[in-house]
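The values are calculated or read from the model by the stated rules, or taken from the named source; none is laboratory data. What you are looking at is a predicted structure, and each value in this text was computed from that prediction instead of being measured. Methodologically, a virtual Cβ is constructed for each residue, glycine included, from the backbone with ideal geometry; neighbour enumeration extends over all protein chains shown. Just so you know, the surface numbers come from the protein's heavy atoms only, side chains and all, with ligands and any DNA or RNA stripped out. Shrake-Rupley method; radii C 1.70, N 1.55, O 1.52, S 1.80 Å.
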Amino acid sequence: MAKKTAAIIGAGHNGLVCAFYLARAGFDVTLYERRGLVGGAAVTEEFHPGFRNSVASYTVSLLAPKVIAEMKLHAHGLRIVERPISNFLPLDDQRYLKLGGGLARTQAEVAKFSTRDAEQLPAYQDMLETVANVLRKMSLQTPPDMMTLAGSLVPGLRQGRQLAKLKIGQRRDVLALFVKSARDVLDGWFESDPIKAAYGFDSVVGHFASPDTAGSAYVLLHHCFGGVNGKPGIWGHALGGMGAITQAMARACEQSGVKTVLDATVSRVLVANRRACGLLLEDGREVGADIVVSNLNPRLLFERLVPATELDSGFRQAIARYRCDSGTLRMNVALSELPDFTCLPGSSSAEHHASGICIAPSLDYMDRAYHDARRDGWSCQPIVEMLIPSCVDTSLAPPGAHVASLFCQQFAYDLPDGRSWDDEREAAADRVIDSVTRHAPNFKRSVIARSVLTPLDLERKFGLLRGDIMHGVMSLDQLWAARPVLGHGDYRAPIQNLYMCGAGTHPGGGVTGMPGHNAAREIVRDHSLRGAFARSISRSLGLR
């Protein structure tokens, strides 16, 4: 019997993961990638002669250990090193806060600002880890389809049982983290501004919102799912940049028989008799396939690649309302020397240089940045996280020099008064450089070169609609069974044999590999003999 063929749109990390699992299950898989290299937004490229860096995605923690193990990524060359400490926050009063290096050490740092907060820290971290453990399990499970009672009740009860095992106080913690603002949650635990800022920073990463916005506490939690080398809650650097992850994935795929076609832009998903049957490429070629899988933002898939006549009006309206905005500007800089911080002097490599350096000294600072961006397009004092991976990976820069990733929040996709990002790009980048230089006076003069990606550039280069690095806002109405829309949170499109495997599906954004893993599992189930029979019965009864 001939193998079933699968055509996957987009060779980003979730597309690669999905391709691997499908090939392992016996499918004949081909990836179609519009760029000249695989990896999507997790790639390493030279941006100035002799200087390479992770162009968009820039740090690793959320990648599922199951995916790492089953794809044998370490055997394919992946090596991840831990940050010596997690984060370093230079403050406006010339003090600083370091997080990481063990609980006792972090408590000692926090005690500089509040002994009460230092005492609260173990309970807070236990609370986060308890909730994160439940959600880690749910992240590798398929949400109920919500289309039928049978399709929603049993899976919903099965996944809900994990929450039911929690004590009542822990369930209250879950509810608070899903619906409250980050400030409300953090105010309930801590009294000092620096510790609130340190933990509240994660609530605005890739999230065009204030830490005062309801639901921002969930974004904080989402960034706690991960770990490095078996250690939960740790962040690290992939040696060779984030492209080392996707290159290892590509080698695993190739070894499994996956084919990859580069410089292949997909113009349309071919549909016949309400069934996906292939792709039309931009160069006019038609490619037949038994199944089609999209790694794109759901709005790109359904608004640009699927003919509107193939979708009912209710689904089209739901997709049109799917919100995409992460307010992100991304910059890579080549440096002649390391930043010399006023609060912690020295330009020789130290542990804080190899951590996440957060220019966001308070929740009020983050709130002002958001409201500035809503009013003016970008903030007067941006939120910046800077990583300097060359501190642990000398392959990225010439001897004595360094590269830095600057991940900057709040920068609106839509600028007011008809302004264009093509005109505003360099002025916004100058503001970011100035924000870092305010804390490290040598920073501006140390910049040899820079590469700036505005929200519009992120859309153009990587297909991140409206510059949204998460493929859709991570709000309660766009999570779990409602990601991307209620009724299609199980990776299945409303067209037979068309599936979604990108970050616009459960469990959402970040370099996790989980959407690709989960989508492949559902595809294999559907196309096994047992699964095909069950789906046929459901369709004949009008249940799906």
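Tabulated results
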| item | result |
| --- | --- |
| Selection from the stretch 222-265 of residues that are surrounded by 23 or more Cβ atoms within 10 Å (Cβ to Cβ) and aliphatic (A, V, I, L, M) | A238, M242, A244, I245, A248, M249, A250, A252, V258 |
| Residue among P339, P298, P345 that alone is surrounded by 15 or more Cβ atoms within 10 Å (Cβ to Cβ), farther than 27 Å from V524 by Cα, modelled with pLDDT of 95 or more and not aliphatic (A, V, I, L, M) | P339 |
| Criterion violated by K3 - all others in (1) free of Cβ contacts under 8 Å to residues at least 40 places away in the same chain; (2) touching a Gly at 6+ places or on another chain (Cβ under 7 Å); (3) at positive phi satisfied | (3) |
| Matching option when the condition is in contact (Cβ under 8 Å) with a residue 12 or more places away in the chain, open to solvent by 60 Å² or more (accessible area, probe 1.4 Å), in contact with a Lys or Arg (Cβ under 8 Å, 6 or more places away or on another chain) and charged (D, E, K, R), among D312, D325, D290 | D290 |
| Meets criteria (surrounded by 19 or more Cβ atoms within 10 Å (Cβ to Cβ) and either charged (D, E, K, R) or touching a residue at least 24 places away in the same chain (Cβ under 8 Å) (or both)) for T59 | yes |
| Neighbours by Cβ (under 6 Å, 6+ apart or cross-chain): first from the stretch 421-441, modelled with pLDDT of 95 or more; second part of a helix (DSSP H, G or I) and surrounded by fewer than 18 Cβ atoms within 10 Å (Cβ to Cβ) | I433/K444; T437/K444 |
| Those helices (runs of 4 or more DSSP H) lying entirely in the stretch 392-466 with at least 2 residues over 25 Å from R374 (Cβ atoms) | 443-446 |
| Residue list for the stretch 95-126, restricted to those being buried (at least 19 other Cβ atoms within 10 Å of the Cβ), in contact (Cβ under 8 Å) with a residue 12 or more places away in the chain, assigned to a helix (DSSP H, G or I) and not polar (S, T, N, Q) | E109, V110, D117, L121 |
| Leading residue by the ranking (surrounded by the fewest Cβ atoms within 10 Å (Cβ to Cβ)) among those in the stretch 209-221 that are of a type in the set (A, V, I, L, M) and in a loop (DSSP other than H, G, I, E, B) | A214 |
